1. Mind checking which aspartates and glutamates have their C-alpha under 12 Å from Lys350, skipping anything on the same chain fewer than 8 residues away?
2. Pull out the extension gain between Glu177 and Glu510, defined as 0.36 nm times the separation in residues minus the alpha carbon to alpha carbon distance; nm, one decimal.
3. Work out the P(r) tail for the range 204-307: percent of alpha carbon pairs separated by more than 21 Å, whole number.
4. Treating the range 3-237 as a set of equal point scatterers at the Cα positions, no solvent, please give the Debye-formula log₁₀ I(q)/I(0) at q = 0.12 Å⁻¹.
5. Short version: ³J(HN,Hα) in whole Hz for each residue of the range 79-86, in order, from phi by Karplus 6.51 cos²θ - 1.76 cosθ + 1.60 (θ = phi - 60°), x for Gly and Pro, what are they?
6. Within the range 201-217, which residues have the backbone N less than 15 Å from the label spot 7 Å out from Glu191 along Cα→beta-carbon, could you tell me?
7. Ile345's amide H: which non-local residues (gap 5+, or another chain) put their own amide H closer than 5 Å, with H modeled 1.01 Å from N in plane and none for Pro or chain starts?
8. Using R₀ = 25 Å, calculate the FRET efficiency as 1/(1 + (r/R₀)^6) where r is the Cβ-Cβ separation of Asp132 and Thr97; round to 0.05.
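Each reported figure results from applying straightforward, stated rules to the coordinates on display, with no laboratory input. The shown structure was predicted, so the numbers you read here are calculated from the model rather than taken from an experiment. Note: ideal-geometry Cβ built from the backbone for every residue, glycine included; neighbour counts use all protein chains shown.
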Amino acid sequence: MRKTTRFKQMLASNQLEFICEAHNGLSAKIVEEAGFNGIWGSGLSISAAMGVRDNNEASWTQVLEVLEFMSDNTSIPILLDGDTGYGNFNNMRRLVTKLEQREIAAVCIEDKIFPKTNSFIKGENQPLADIDEFCGKIKAGKDAQRDDDFSIVARTEAFIAGWGLEEALKRASAYHEAGADAILCHSKISEPTDVVAFMKEWGDRCPVVIVPTMYYNTPTQVFRDLDISLIIWANHVLRTSIGAMKDITAHLLKAETLRDVEATLPPVKEIFRLQGMAEYAKWEKAYLPKRAAGGRAILLAASKGTNFGNLTDDKPKAMLEVEGSPVIASTIRRLRDGGIRDINIVTGYKPEAFNIGTVKYHHNADWEANGEVGSLLAARDALTGNVIIGYGDIVARGFVFRNLVKAEADVTVVVDYKEPTAKTRSSVDWAKVTPERVEGVMKLDYKLTKIDDALAPTDASGEWTGLMRLSEEGSKRVAEELAALEAKGVAVANWSMPQLLNHLIEAGVEVAVQYIHDNWLDVDDIGDLSDLYNF
Ligand code: SPV
Ligand code: MG
């Protein structure tokens with residue numbers, strides 16, 4: 001059912017209905033969730049929430065913008081407090097059109113002069129509109145509406161301005177005849193005397209709306225007995241929030257801690273719920289391309305490094321600095337560029353030397369005795385989901401990580417296909433890859449068959465860089481293999497990473513290869529460290 005129709009039915013129903021004030025998208029939602037069947041778009045509250053006076057200081061289009069958020073965020077009808085209609089008959093026509101476009105169900109206009117002042121501020125000093133002029137405004141609004149069920153509530157300020165019952169009735173009759181769908185009879189005294197007197201004379205000519213802000217002590221049954229149609233709780237959400245905001249700010253200023261506060265507040269996830277994040281998540285799933293979840297990285301950085309002399313007296317080689325930045329920081333920066341945020345470092349030698357923020361540390365206490373897999377096991381908790389595993393002393397260019405993140409296989413290793421004679425090092429993880437590399441063809445489906453540092457360089461397909469990536473499935477498989485080996489009593493903690501990879505291959509796991517050429521460094525000695533200057 002349209003919001004206009006629902007509001008019209010509320011006016012017509014023979015039971016007393018209630019609507020509650022809201023002043024923005026959030027409070028409107030809260031009013032709806034509370035169970036109210038309608039919202040009062042209060043001029044006082046909307047202007048106050050903007051930090052301005054209820055004197056038409058906010059332009060009507062600014063009010064319209066707030067209403068749009070309120071309407072978009074709710075399914076119940078909104079009755080806008082349209083002040084005086086923001087001008088003459090012509091402004092009223094345009095207002096009704098714009099309100100209908102935003103699915104606002106109804107507007108209430110009051111018989112004062114633009115720019116108005118709130119009724120509770122020197123109400124008796126405020127001039128009332130000329131009756132005929134105001135009737136013309138009502139007619140113009142009714143003629144402008146396209147939806148037959150859009151309602152115009154005419155509000156008389158006769159009591160507020162001190163004119164009394166006779167004037168109120170005269171005006172209400174004229175407005176009713178001009179086509180108003182309901183009369184709002186406003187009063188500022190603490191007893192319901194004005195509305196009681198009005199209702200006695202008015203009878204059931206058309207629905208009557210009241211705002212009992214000032215005669216708040218009146219039992220609601222009095223209004224039922226009077227056959228009032230609709231009660232507006234006009235400013236109570238705003239006033240409550242003013243109280244809450246004052247309390248929290250005073251407390252925080254004084255306490256200088258959140259400790260006593262957190263448990264008293266709606267949790268942050270309540271904000272997300274009210275913002276409709278659940279609905280967002282549903283559509284994100286439907287429309288956003290599945291991004292390879294960035295996942296995490298585990299960097300094995302337990303070893304001291306044997307070729308750096310006294311440079312590694314107080315820190316491991318991964319923390320040796322080049323131009324003020326540790327070796328491992330360079331890798332972390334590039335991992336982050338590749339979308340990896342959850343970075344895990346396994347320490348061993350001199351763990352206290354690591355001072356890199358926003359990473360998680362794991363410690364391999366047995367780093368001297370066991371092997372690289374021992375370090376991996378120390379970070380076992382992180383071995384889930386998509387994981388890049390590397391060493392703390394391997395530095396590679398950003399594209400290497402960016403490509404690796406996108407790998408589709410469950411296990412992927414990065415192999416440098418440079419000719420094996422390029423550099424002679426003490427221990428090289430030669431990789432045997434199938435099929436044999438075809439020059440210039442990089443897109444082949446290469447698989448690792450073995451890593452073997454005893455392989456004759458000329459028999460190798462390239463050198464394993466020490467970098468690998470496991471998919472969610474891959475890390476699950478690796479964790480299972482490790483657990484199975486441990487269960488069999490295999491001292492798997494003493495294994496090297498190549499041993500683990502060879503074991504996986506033997507166990508039938510396909511290990512995909514991403515080839516690169518150069519663009520990485522294994523920082524093993526001072527020479528490598530100086531290469532990092534230009535890297
Ligand atoms: C409002 O809520 O802005 C109203 C009601 O117009 S009152 O403040 O009582 O005038
Ligand atoms: Mg108002």
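1. Asp313, Asp314, Glu368
2. 111.5 nm
3. Working: 3815 of 5356 pairs.
The calculated P(r) of the range 204-307 puts 71 percent of pairs beyond 21 Å.
4. Here the Debye-derived log intensity ratios amount to -0.57.
5. 9, 7, 7, x, 6, 9, x, 6
6. Within reach of a label on Glu191, which here means backbone N under 15 Å from a point 7 Å along Cα→Cβ, the range 201-217 contributes 215-217.
7. For Ile345, the qualifying residues are Leu299, Lys360, Tyr361, His362.
8. Values: r = 23 Å, r/R0 = 0.93.
Calculated value: 0.60.
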